[in-house]
Amino acid sequence: GFIAWVIWELNDKNPMVDLSFFKTRNFAFGTLILCIAYAIFFGANLLMPLWLQTNMGYIATWAGLAAAPSGAVAVIMTPFAARLLNKYDARVLGSVSLLLFALSFYMRSLFTTDASFFVLTMPMLVMGAAMSMFFISFISIGLNGIPHQRVPAASGLSNFARIIAGSFAASLVTTLWERSETQHQTRLAEVMGGPGNPGGSGGGGGLSDAMTNALNQASEHGLTTAQGIGVIVRQVSSQAFLLATVDLFRISSIIILLLVPAVWLCRKTLVQGPVTHAAD
């Protein structure tokens with residue numbers, strides 16, 4: 001259906017969605033980078049509170065407060081970023097915003113299960129600074145060189161593509177997160193012990209020394225064997241979700257870094273007021 005729609009739109013005299021915008025280098029690369037980076041940004045924003053509420057014991061209010069600094073910083077810095085856009089090439093600000101996004105994701109890839117609220121909010125401050133430059137930079141790049149009368153159509157297509165990318169990201173991130181958690185939990189369970197575990201007591205089978213020590217410590221605190229196993233299983237699950245979370249953040253950081261060179265495939269973009277133009 002999508003292929004048929006593309007063929008129809010490309011050959012219709014008055015298409016509802018003018019795909020010819022993608023023939024323009026700045027629109028094509030600007031929209032592509034905008035969509036990929038926004039998808040990663042949207043997925044990360046979805047993953048963070050999900051992890052905090054399901055595995056870190058945060059209620060919805062505190063999970064929201066942990067993410068709030070990004071929005072507050074973006075609101076404060078956006079007017080300053082707009083002024084910088086009038087003085088500097090939009091590609092510079094776009095590259096800086098991507099680097100800040102990558103730094104924010106990398107900082108989140110260093111999280112541990114005992115991370116404090118302050119540690120959780122620091123990457124969000126960096127993300128807020130990135131957000132203040134990201135949208136205005138890539139919208140300016142994408143609309144660079146578009147005739148005035150066609151700007152609304154181009155802007156609508158760019159926003160549509162961005163929203164679709166965010167929708168795909170919401171599904172992909174949650175699916176990848178759960179699958180990654182399952183893999184990590186399996187590996188952790190192998191380490192803890194079981195039949196054929198080379199680290200287990202007695203050679204080829206039984207529980208590992210780590211599992212035996214953990215059960216002994218649980219017994220010393222008055223827990224039965226079943227209760228001790230339940231506590232250990234919850235800890236293993238928590239660690240597995242943490243590993244899955246930091247894996248996705250680290251991958252996000254790498255992808256964002258790979259987008260930076262693509263920014264410089266666009267033509268130089270200077271802004272004069274609300275209108276962008278192509279520099280010679």
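The values are calculated or read from the model by the stated rules, or taken from the named source; none is laboratory data. Predicted, not measured: the structure shown is a model, and the values here were computed from it. Counting neighbours? That spans all protein chains shown, and the Cβs are built from the backbone with ideal geometry, glycine included. Keep in mind that these areas ignore ligands, DNA and RNA; they rest on the heavy atoms of the full protein, side chains included. Shrake-Rupley method; radii C 1.70, N 1.55, O 1.52, S 1.80 Å.
Worth a mention:
- Relative to the longest principal axis of the Cα atoms of the chain, the long axis of helix 90-108 lies at roughly 10 degrees.
- On Cα atoms only, tilt of 2-11 relative to the major axis of the chain in degrees: 10
- Bridgeable aspartates and glutamates around Lys87 (alpha carbons under 20 Å apart, same-chain partners fewer than 8 residues away excluded): Asp280.
- Rounded if a/c under 1.5, otherwise prolate or oblate - region 48-108, Cα gyration tensor axes: oblate
- When each of the peptides 158-165, 44-51 is scored by how many other beta carbons lie within 10 Å of its residues on average, the order from highest to lowest is 44-51, 158-165.
- Heavy-atom SASA rank of Asp114, Asp247 (probe 1.4 Å, accessible area, largest first): Asp114, Asp247
- The chain - accessible surface per residue (Å², probe 1.4 Å): 54
- 25 Å tail of the calculated P(r), the chain, as % of Cα pairs: 57
- Distance from region 30-92 to region 149-195 (C-alpha centre basis), Å: 16
- Reach of Lys23 by Cα under 24 Å, taken over lysines that are not fewer than 8 positions away in the same chain: Lys13, Lys268
- Helical contribution to [θ] at 222 nm, DSSP H n ≥ 4, -39,500 (n - 2.57), averaged over the chain, rounded to 500: -26000 deg cm²/dmol
- Between helix 117-142 and the chain there is an angle of about 20 degrees, using the helix long axis and the longest principal axis of the Cα atoms.
- With N as its number of residues, region 71-188 has a Cα radius of gyration that, divided by 2.2 N^0.38 Å, comes to 1.33.
- Put simply, the amide H of Thr269, placed in the peptide plane, has neighbours under 5 Å in Ala90, Arg91, leaving out anything fewer than 5 places away on its chain.
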